[in-house]
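Colleague: Structure below; questions to follow.
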Amino acid sequence: MDRIAFFIDGGYLGKALKNRFGSPRLDYAKLAHWMAQKVDPTGTILRVYYYDCLPYRSDSVTDEESRRHIDKRSFLNKLNRLDNFEVREGKLAFRGHDENGEPIFEQKRVDVQLAVDLVSLALRHATGKIGLLTADSDFVPAIQVSKDVGVEVVLFYVAGIGNLEELLNAADRRVEITRQDIDSFRRY
């Protein structure tokens, strides 16, 4: 029986849920259980790491910014209180405006923290299997290191969201998340 560690890129999951499934609210404990069944039905969940940022707040905080910040803080606190969940927060940096005048934001520290945690667990042999939910090819080197020390890496993804080619090639196994899957751990 292997212990399984999961790494969820919250920014990617949020974008995928919004763009493909209409922003459903999820039961994250059910999501973790579903992922564990896909990786190893006899395994146990060591931990589910969830990486994200609080929304940006300008120097002159608006009511809308304040509300979004409070809502996201509440969501992250609830996640952190689930059994075997741990939330890791980065920072959201303002990078200017695009050609349509829309603000551009960039997550900072999230990818590095995820990669460090993934490689650290793999090198310490704290887990024999890793489930990774992301579409960021920056994680390919971390996947390779984990595989090199004998850890199986299973990629969870939503088709059509993100640049998946390199990740699909790097992972040992791949699990596409479909609308039917989303419906099975949707919170009503």
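Rule-based calculations on the coordinates, nothing more; no lab input. Being a predicted model, the structure only gives us computed values, none of them experimental. Glycine gets a Cβ as well: all are built from the backbone with ideal geometry, and neighbour counts include every protein chain shown.
Colleague: Helix 63-80 versus the longest principal axis of the chain: what angle, 0 to 90°, nearest 10, using Cα atoms?
Modeller: 20 degrees
Colleague: Can you give me the P(r) profile for segment 1-129? Cα pairs, bins 5 angstrom wide beginning at 0, each as a whole percent.
Modeller: Taking all Cα pairs of segment 1-129, the binned fractions are 2, 9, 16, 21, 20, 14, 8, 5, 3, 1, 0 percent.
Colleague: Per the helix-only calculation at 222 nm, which mean residue ellipticity applies to the chain, given -39500 (n - 2.57) for every DSSP H run of n ≥ 4 and division by its residues, nearest 500 deg cm²/dmol?
Modeller: Result for the chain, helices only: -12500 deg cm²/dmol.
Colleague: For the chain, take the longest principal axis of its alpha carbons; what is the angle in degrees between that and the long axis of helix 28-39, to the nearest 10 within 0 to 90?
Modeller: 30 degrees
Colleague: Sticking with this structure for a sec: Counting alpha carbon pairs within less than 8 Å and at least 6 residues apart, what relative contact order, in whole percent, applies to segment 3-184?
Modeller: Across segment 3-184, relative contact order equals 22 percent.
Colleague: Within the set of other residues whose C-beta is less than 12 Å from the C-beta of L76, count the net charge using Lys and Arg as +1 and Asp and Glu as -1.
Modeller: Taking every Cβ under 12 Å from that of L76, the sum is +1.
Colleague: Now for a separate question. Count the net charge of all other residues whose Cβ sits under 11 Å from the Cβ of A171, scoring Lys and Arg as +1 and Asp and Glu as -1.
Modeller: 0
Colleague: Given Cβ point charges of +1 (Lys, Arg) and -1 (Asp, Glu) and nothing else, what value in debye, to the nearest 20, does the dipole of the chain about its Cα centre take?
Modeller: 660 debye
Colleague: Where both residues lie in the chain, what percent of DSSP beta bridges are antiparallel, nearest 5?
Modeller: Once the DSSP bridges in the chain are tallied, antiparallel ones form about 20 percent.
Colleague: Between the alpha-carbon centers of segment 61-80 and segment 1-56, tell me the distance in whole angstrom.
Modeller: One Cα centre to the other: 20 Å.
Colleague: Would you please give the residues with an amide H less than 5 Å from that of F85, counting only those at least 5 places away or on a separate chain, with H modeled from the backbone geometry?
Modeller: V48
Colleague: Let me understand segment 78-188 better: what is its radius of gyration from the alpha carbons, and its Dmax, in angstrom?
Modeller: Cα-based Rg and Dmax for segment 78-188 come out at 16.1, 48 Å.
Colleague: What's the FRET efficiency of R187 with H69 using the Cβ-Cβ distance as r and R₀ = 30 Å, to the nearest 0.05?
Modeller: E between R187 and H69, to the nearest 0.05, is 0.85.
Colleague: Beta carbons within 10 angstrom, averaged per residue: use that to sort the peptides 56-65, 14-23, 150-159, highest first.
Modeller: Most protected by this proxy first, the peptides run 150-159, 14-23, 56-65.
Colleague: Ok, one more. Below 22 Å Cα-Cα, how many Lys pairs turn up in segment 3-184? Only count pairs eight or more apart in sequence, or on different chains, if you could.
Modeller: Close lysine pairs found across segment 3-184: 21.
Colleague: Which distance in nm do the two modelled labels at R20 and N100 give, with both placed 7 Å along the Cα-to-Cβ direction?
Modeller: Distance between the two pseudo-spin positions: 2.2 nm.
Colleague: Considering only I143, I161, I104, give the residue with the highest GNM mean-square fluctuation for the chain, with springs between Cα atoms whenever their separation is below 10 Å.
Modeller: Among I143, I161, I104, the largest GNM mean-square fluctuation belongs to I104.
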